[in-house]
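Peer 1: I'd like to ask you about the structure that follows.
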Amino acid sequence: MQGSDAEGTRKIHSVSYRIALLPGDGVGAEVVAEARKVLGALGAGIEFTELDWGADRWHQTAEMMPADWESILRSHDAGVLGACGHPSVPDHISLWKMILPIRQRLDLWANVRPVRLLEGVPTPLVGRGPTDIDMVFVRENSEGEYSGVGGRVHQGLPEEVGIETSVFTRHAVERVVRHAFGLAETRRGLLTSATKSNASRYGYVLWDEVAAEVAAEHPGVRYERVLVDALAARMVRNPESLDVVVASNLLGDILTDLAAAIQGGMGTAASANVAPEGDAPGLFEPVHGSAPDIAGQGIGNPTGAIWSVALMLEHLGEADAGACVMRALEDICREGPRTRDVGGAAKTAEVGDAVAARVAAAA
Ligand code: IPM
Ligand code: MN
């Protein structure tokens, strides 16, 4: 930690937060190290537990996480996750034995993903700049297409069948849509709900009905229902026309990779897995995966991870500290150093050092 306690506590209100660090796999460890550095630069007030959950642990113990993972996480105020997934571990193990159970068991039902083009970061959208790209995606994070309901029969035979069932409950749709309306009220007052209810019969149709009911409670927000395919095109052609977007688990997942590309690449995108108003610890993670192609080279972009800890601070009620981290990150995006995915040549750690130095220097 940098600075004395007296200096440090000026940015963090509480005496102490317990933060679980889950570097996970691949590039996750590299970016979480930078996020930790930036939190450390805020000074006193944060205590870290580093958890070795992930593919390496699975190779040693046949488990991604220890049996008491839930109580370990619940004994922290929040967690920071790097990435989950490794080519040496089948996805249904690395994901269904770590990130998905964490989201489901802690009932972190909202996955909030701010999408903003920061100054200095190149976008692939020709002629667009930071004023055009400023949206927030709220992704349902507990059910839908990720419910894990289904089965396989006649395995290995030519007539083999796989059934994957999406589950939509009124309860889960209502709470996530209501949360998205609340966010829209604090922003530009537009909520776009994305489904594919023209081609489906039940789940997305229920979603649309519930969203329309919740819309009636929020007359101050302009509500629109858009088909997800059309929305994807609109994000590219008219990103400035979007403010808050709410979508199901899978549709939100796909749209936010597109959104990440628009805001400068996967390395720049941040997310918050949270249970708004609940007391489960939130899990804050960059949107990118473990990036095995560049892992171990120290060249990954730590922007998404650092932005995620800014979201964490805000969620913990430390809005000033979150804003301080965000200002430092924006300064460094504008002025450099930058990693190569955003047009520079800096290493992951140089970017983290630069952001941490700005945070430490901020009054
Ligand atoms: C994400 C990731 C995860 C998801 C994977 C790793 C299960 O792509 O956080 O967007 O689809 O939710
Ligand atoms: Mn994804």
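The values are calculated or read from the model by the stated rules, or taken from the named source; none is laboratory data. These figures come from a predicted structure and were not determined experimentally. Every residue, glycine as well, gets a Cβ built from its backbone with ideal geometry; the counts of neighbours run over all protein chains shown. These accessible areas exclude ligands, DNA and RNA; they are computed on the full protein's heavy atoms, side chains included. Shrake-Rupley method; radii C 1.70, N 1.55, O 1.52, S 1.80 Å.
Peer 1: Tell me whether the range 147-164 contains one or more residues that are within 28 Å of R222 (Cα to Cα), out of contact with any Cys (no Cβ under 6 Å at 6 or more places or on another chain) and in contact (Cβ under 8 Å) with a residue 40 or more places away in the chain.
Peer 2: no
Peer 1: Given A305, A360, A346, A328, which one is under 19 Å from the mean Cα position of the chain (by Cα) and closer than 21 Å to E30 by Cα?
Peer 2: Unique residue meeting the criteria: A305.
Peer 1: Suppose we filter D243, D279 for residues that are touching a Gly at 6+ places or on another chain (Cβ under 9 Å) and more than 16 Å from ligand 1 (Cβ to nearest atom); which single one remains?
Peer 2: Going through D243, D279 in turn, just one is touching a Gly at 6+ places or on another chain (Cβ under 9 Å) and more than 16 Å from ligand 1 (Cβ to nearest atom): D243.
Yes/no per residue for (1) surrounded by fewer than 16 Cβ atoms within 10 Å (Cβ to Cβ); (2) in a loop (DSSP other than H, G, I, E, B); (3) away from ligand 1 (no atom under 12 Å from the Cβ); (4) at pLDDT below 95:
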residue	(1), (2), (3), (4)
S71	yes, no, yes, no
G120	no, yes, yes, no
G127	yes, yes, yes, no
T131	yes, no, yes, no
F137	no, no, no, no
G150	yes, no, yes, no
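Peer 1: Of the residues in the range 286-322, how many are assigned to a helix (DSSP H, G or I) and open to solvent by less than 40 Å² (accessible area, probe 1.4 Å)?
Peer 2: Total satisfying the criteria: 13.
Peer 1: OK, next. Residues to consider are V31, V80; find the one that is part of a helix (DSSP H, G or I), at pLDDT 95 or above and buried (at least 19 other Cβ atoms within 10 Å of the Cβ).
Peer 2: V31
Peer 1: Within the range 69-98, track down each residue that is over 16 Å from D279 (Cα atoms) and free of Cβ contacts under 8 Å to residues at least 24 places away in the same chain.
Peer 2: P90, D91, H92, L95, listed by residue number.
Peer 1: Collect the residues in the range 90-103 that are within 16 Å of ligand 2 (Cβ to nearest atom) and surrounded by 16 or more Cβ atoms within 10 Å (Cβ to Cβ), keeping them in residue-number order.
Peer 2: Residues satisfying the conditions are S94, L95, M98, I99, L100, I102, R103.
Peer 1: Output the residues belonging to the range 256-285 that are of a type outside the set (D, E, K, R) and either part of a helix (DSSP H, G or I) or free of Cβ contacts under 8 Å to residues at least 24 places away in the same chain (or both).
Peer 2: T256, L258, A259, A260, A261, I262, M266, G267, T268
So that you can scan it fast, the table gives a plain yes or no per residue for (1) surrounded by fewer than 18 Cβ atoms within 10 Å (Cβ to Cβ); (2) over 30 Å from G352 (Cβ atoms); (3) away from ligand 1 (no atom under 15 Å from the Cβ):
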| site | (1), (2), (3) |
| --- | --- |
| L191 | no, yes, yes |
| V210 | no, yes, yes |
| N238 | yes, yes, yes |
| A247 | no, yes, no |
| L255 | no, no, no |
| A269 | no, no, no |
| V274 | no, no, no |
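Peer 1: Same structure, new question: If you go through the range 220-260, how many residues are more than 18 Å from F181 (Cα to Cα) and of a type in the set (S, T, N, Q)?
Peer 2: The total comes to 2.
Peer 1: To continue, here is another question. I93 versus (1) under 28 Å from M312 (Cα atoms); (2) at pLDDT 95 or above; (3) of a type outside the set (K, R): which is the lone unmet condition?
Peer 2: (2)
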